[in-house]
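Notes to accompany the following structure.
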Amino acid sequence: MNQINDIQLKQLIEASLFVLGKPLSVKALKETVLADFSVSRTRIQQTLDELQLDYQDRGVQLVKVASGYRFQTQELLSPFLQPLWQEKAPKYSRATMETLAVIAYRQPVTRGDIEQIRGVAISSHIVKSLLDRHWIKAVGHKEVPGRPALYATTSQFLDYFGLKKLADLPALTDMESLHALFDKASIALDDDEDIDEDKVAIENNSSLDVNDNIMIDKNKPTTLN
């Protein structure tokens, strides 16, 4: 196996994180760009920790999310960076974000479970949009007549919202933290949403203590990949 000094190791890890379009874990780094070098996972982790310190006061920061480490801009800079992109961020309806919240906090759940909690039917395109976004996935089937699919969130969901694990989700009673979480998605009412559905607030159902103030139109931190 080839040897690599500390400076070269840091440079290679830093470059790898900049060029890849998704987070990299310690395991992934060791099995890809560092596969030909004699370097332990402990040493890789130490180098990542050093890089985080190097970037902590910079406009670009190295953050850890569910799938590994990635570079992204400081959140407070996002509004100023938006003019650099001509395309607008995708918009998500209140119904879509409420559905996502139910799945995140009650998973695994069926479509029927979601409808019972929200107190209103959900359209097929809501589930499809979350599946297409890779924020949720089918993880099995409930053993009841019809065997409906059970949905749960994905690592991509955690990555997008800057979470390392599901336990990092804010408490449902902590509205300020919940607002901060969904600040990271750009949300707007879809024209094709059923108007009665949009009028239904989750706060009216005691089993999920959040309300329609979940609607926020903000920008997420910009990843550098």
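For (1) in contact (Cβ under 8 Å) with a residue 24 or more places away in the chain; (2) not basic (Lys, Arg), each residue gets a yes or a no:
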{"residue": "98", "(1), (2)": "yes, yes"}
{"residue": "111", "(1), (2)": "yes, no"}
{"residue": "117", "(1), (2)": "yes, yes"}
{"residue": "120", "(1), (2)": "yes, yes"}
{"residue": "130", "(1), (2)": "yes, yes"}
{"residue": "135", "(1), (2)": "yes, yes"}
{"residue": "141", "(1), (2)": "no, yes"}
{"residue": "146", "(1), (2)": "no, yes"}
{"residue": "155", "(1), (2)": "yes, yes"}
Filter result (out of contact with any helix residue (DSSP H, G or I) (no Cβ under 6 Å at 6 or more places or on another chain) and under 24 Å from residue 167 (Cβ atoms)) within the range 143-156: 150, 152, 154, 155, 156
Can you work out which of the residues in the range 99-138 that are under 21 Å from residue 165 (Cβ atoms) and charged (D, E, K, R) is surrounded by the fewest Cβ atoms within 10 Å (Cβ to Cβ)? 106
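Taken together, the values in this text are just the output of simple stated rules run on the coordinates, not laboratory data. This one's a predicted model, so the numbers in the text were calculated from it and none came from an experiment. In this analysis, Cβ positions are derived from the backbone assuming ideal geometry, glycine residues included, and neighbour counts consider all displayed protein chains.
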